[in-house]
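Okay, so here's the structure we're looking at.
The values are calculated or read from the model by the stated rules, or taken from the named source; none is laboratory data. Being a predicted model, the structure only gives us computed values, none of them experimental. Here the Cβ positions follow ideal geometry from the backbone for every residue, glycine too, while neighbour counts run over all protein chains shown.
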Amino acid sequence: MGELIMVGDRVLIAPDEGERKTNSGLVLPASVAEQERVQSGRVVSTGPGYTIPNPEFSEGEPWSQNREAVRYLPLQAEAGDHAFFMRKEAIEIEFEEKPYLIVPHGAILALHRSSADDILESIGPLDDLEQ
């Protein structure tokens, strides 16, 4: 199958699935988590961003290099981020037998981005590796 390309300010999110535990130890089924106002998931891909007019565009000069009438203001969300978003704004789709949500960038409340230091800490100490 082909690639799924996001358009404009849309963000493709793989939703967090399954049961969750509350602080008191109660297990919430997935159906309860779907009814919450705020949901979270992993950003899979993003659109090019918000369209803005291109100040360098001119209809009167057909020989000019830059012929695009619009430019894009990039989005804050990046692939790999963990996003918290308004559930009511999400549109559910299934692509290649996997569930996804398409969310407008304006519905995203917060992003958690792992830094390179976080990734290195998850690997552990390198002293244990044998040469």
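If only residues of the range 83-104 that are farther than 22 Å from Tyr50 by Cβ and touching a residue at least 12 places away in the same chain (Cβ under 8 Å) are counted, the one that is surrounded by the most Cβ atoms within 10 Å (Cβ to Cβ) is Arg87. Being in a strand (DSSP E or B) and modelled with pLDDT of 90 or more is a condition met by no residue of the range 113-121.
Taking strands (runs of 3 or more DSSP E) as the structural unit, those lying wholly within the range 36-107 and holding at least 2 residues that are at pLDDT 85 or above and within 13 Å of the chain's Cα centre (by Cα) correspond to 38-46, 82-86, 98-104.
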